[in-house]
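See structure below.
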Amino acid sequence: MAMSVGEISDDAPMSEINVIPLVDIMLVLLIIFLITVPVVLETVNLKLPDVPFEPTTTKPENVNISVRSADTDGDGQPNADSASCEVYWGRTPVDSRQLLERGQKKLEDLIEKIGGVQNITEENFPEVHIRGDVNTPYQCIGGVIYTMQYAGFQKIGFISEPAPGSATLGRL
């Protein structure tokens with residue numbers, strides 16, 4: 001609301017800006033942000049949608065790694081609360097140093113076999129397929145991921161067992 005003080009004739013234009021519409025818009029935007037920000041920041045427990053998995057193409061040069069918690073109590077079953085991990089390259093148990101050395105050796109052999117780094121393509125570059133036990137702590141699987149990335153592998157995937165009646169069974 002602009003007020004005119006003084007002896008200015010009614011015909012003279014006002015040189016002051018009417019800020020009322022601007023303040024109204026700003027208040028409306030403030031209310032909108034006050035309502036929406038807490039909704040956006042709130043975490044909600046939810047079940048993510050089940051998506052059909054895509055079968056991977058198994059190539060002989062792919063690396064298959066299995067990870068599980070160590071059997072610390074001797075009952076033949078991995079312990080979920082165990083901080084130590086068992087990592088297998090194929091069926092051979094390896095530690096983190098051996099895992100890194102085997103990964104680097106695998107890539108060096110591939111580069112030598114195909115005739116140099118310039119010949120590497122997405123189709124001939126091996127992938128790492130990790131099979132992780134459901135009770136394995138994340139630190140075990142995360143360590144394997146980090147080690148294989150450090151060795152030079154670019155594609156790392158997880159192998160899982162499809163649930164009974166999953167979407168891929170209907171495609172057959």
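The values are calculated or read from the model by the stated rules, or taken from the named source; none is laboratory data. Quick caveat: nothing in here was measured; it's all calculated off a predicted structure. Glycine gets a Cβ as well: all are built from the backbone with ideal geometry, and neighbour counts include every protein chain shown. Quick note on the areas: whole protein, heavy atoms, side chains included, nothing else; ligands and nucleic acids left out. Shrake-Rupley method; radii C 1.70, N 1.55, O 1.52, S 1.80 Å.
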Cβ-Cβ under 8 Å pairs, at least 6 apart or on other chains, segment 136-154 side on the phi < 0 side of the Ramachandran plot and among the basic types (Lys, Arg), far side modelled with pLDDT of 90 or more and open to solvent by 30 Å² or more (accessible area, probe 1.4 Å): none
Candidates Arg97, Arg102 - the one that is open to solvent by 50 Å² or more (accessible area, probe 1.4 Å), modelled with pLDDT of 85 or more and touching a strand residue (DSSP E or B) at 6+ places or on another chain (Cβ under 6 Å): Arg102
Residue list for segment 125-140, filter: at pLDDT 80 or above and loosely packed, with under 15 Cβ neighbours inside 10 Å: Tyr138, Gln139
Check on Val63, at pLDDT 80 or above and touching a Gly at 6+ places or on another chain (Cβ under 8 Å): yes
Residues satisfying the stated conditions in segment 111-132, i.e. among the charged types (D, E, K, R) and closer than 30 Å to Ser69 by Cβ: Glu127, Arg131
Any hit, segment 141-157, residues being open to solvent by less than 40 Å² (accessible area, probe 1.4 Å) and modelled with pLDDT under 85: yes
